[in-house]
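Novice: The structure's right below; bear with me while I get my questions together.
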Amino acid sequence: MKRAVFLDRDGTLIQDRGYICEFSQVAFFPFAAAAVRLLNRAGYLVVVASNQSAVARGICSAEQVERLHRRLQAHFSERGAAIAAFYYCPFLAGGRVAAYRRQSPLRKPEPGMLLQAARELDLDLAHSFMVGDKADDVEAGRRAGCGTVLVRTGEGESASDGPTPPADFVVADLAAAARLIASLGRRRRAR
């Protein structure tokens with residue numbers, strides 16, 4: 001079984017600029033590719049797990065989101081940073097698009113995306129981490145049995161004491177999260 005670091009997309013891997021449907025709308029954190037490379041070198045698969053209610057809201061199509069994720073994966077790959085997979089939840093109970101208007105076990109804070117990735121990618125969730133900028137990210141990671149890291153970018157900027165229940169770690173950004181996780185991974189291997 002492999003270890004993974006699950007990353008929320010908006011506010012964690014890339015800047016949160018509202019509903020993003022096209023690659024041209026993406027604003028990158030300058031440290032993101034280096035952080036993903038560090039996690040790769042530390043022996044973690046990097047997997048993005050993201051709520052994308054823009055599909056249920058009729059703002060983006062599922063095809064647009066999937067095309068955007070392929071472009072993001074290629075962008076990071078071109079910089080030597082491997083993202084193994086993108087998982088997203090297009091569903092929202094109050095959505096406008098009937099096909100996506102429902103509750104889903106994939107929608108964070110539910111752990112469905114992490115559990116699906118664990119089955120499909122043979123992941124050891126007990127030795128994996130969920131990194132995000134929202135309480136829903138932390139809760140999804142906790143419910144899946146992962147370590148949790150809250151970053152202070154995106155919505156994490158406004159979290160005074162972090163989410164409830166609290167994350168295992170609170171750090172400035174994805175770069176700091178990657179350094180922390182790589183350090184923890186080295187300590188575990190040294191035992």
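The values are calculated or read from the model by the stated rules, or taken from the named source; none is laboratory data. Because the structure is a prediction, the values reported are computed rather than measured. Here the Cβ positions follow ideal geometry from the backbone for every residue, glycine too, while neighbour counts run over all protein chains shown.
Novice: Contact list please: Cβ distance under 8 Å, first residue in region 30-51 and within 23 Å of A126 (Cβ to Cβ), second residue at pLDDT below 95 and assigned to a helix (DSSP H, G or I), pairs at least six apart or on different chains.
Specialist: Here the result reads A42/G185; A42/R186; G43/G185; Y44/G185, each pair linking region 30-51 to a residue that is at pLDDT below 95 and assigned to a helix (DSSP H, G or I).
Novice: Right, next: Taking into account only those residues within region 42-75 that are closer than 21 Å to A99 by Cα and of a type in the set (K, R), which is nearest to the chain's Cα centre (by Cα)?
Specialist: Step by step, filter region 42-75, then rank; the result is R67.
Novice: Of all residues in region 4-26, which are small (G, A, S) and either buried (at least 23 other Cβ atoms within 10 Å of the Cβ) or touching an Asp or Glu at 6+ places or on another chain (Cβ under 9 Å) (or both)?
Specialist: First, pick out the residues of region 4-26 that are small (G, A, S): 4, 11, 18, 24.
A4, G11, G18 - these are the residues of region 4-26 that are small (G, A, S) and either buried (at least 23 other Cβ atoms within 10 Å of the Cβ) or touching an Asp or Glu at 6+ places or on another chain (Cβ under 9 Å) (or both).
Novice: I need the full set of residues from region 101-151 which are part of a loop (DSSP other than H, G, I, E, B) and acidic (D, E), in order please. Please lay out each step first, then the result.
Specialist: The first filter runs over region 101-151 and keeps only residues part of a loop (DSSP other than H, G, I, E, B), leaving 101-111, 122, 124, 128, 133-134, 145-146.
The answer is E110, D122, D124, D133.
Novice: Still on this structure: If you take the residues in region 14-38 that are farther than 15 Å from G132 by Cα and not in a loop (DSSP other than H, G, I, E, B), which one is farthest from the chain's Cα centre (by Cα)?
Specialist: S24
Here's the yes/no breakdown for (1) touching a helix residue (DSSP H, G or I) at 6+ places or on another chain (Cβ under 7 Å); (2) at pLDDT 95 or above:
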site	(1), (2)
Y87	yes, yes
R119	no, yes
L125	yes, yes
G132	yes, yes
S158	no, no
D168	no, yes
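Novice: Go through (1) surrounded by fewer than 18 Cβ atoms within 10 Å (Cβ to Cβ); (2) within 24 Å of R17 (Cβ to Cβ); (3) without any contact (Cβ under 8 Å) to a residue 40 or more places away in the chain and name the single condition L150 misses.
Specialist: Only one criterion in (1) surrounded by fewer than 18 Cβ atoms within 10 Å (Cβ to Cβ); (2) within 24 Å of R17 (Cβ to Cβ); (3) without any contact (Cβ under 8 Å) to a residue 40 or more places away in the chain is unmet by L150, namely (1).
Novice: May I pose another question? Sort out which residues of region 20-56 are in contact with a strand residue (DSSP E or B) (Cβ under 9 Å, 6 or more places away or on another chain) and either modelled with pLDDT under 95 or of a type in the set (F, W, Y) (or both), and write them in order of number.
Specialist: Within region 20-56, F28, F29, Y44 qualify.
Novice: Among the residues of region 62-78, is there at least one that is surrounded by fewer than 19 Cβ atoms within 10 Å (Cβ to Cβ) and in a loop (DSSP other than H, G, I, E, B)?
Specialist: No: zero hits.
Novice: Any residue that is out of contact with any Lys or Arg (no Cβ under 7 Å at 6 or more places or on another chain), over 25 Å from F31 (Cβ atoms) and of a type outside the set (G, A, S) - is there at least one of those in region 80-89?
Specialist: No, that holds for no residue.
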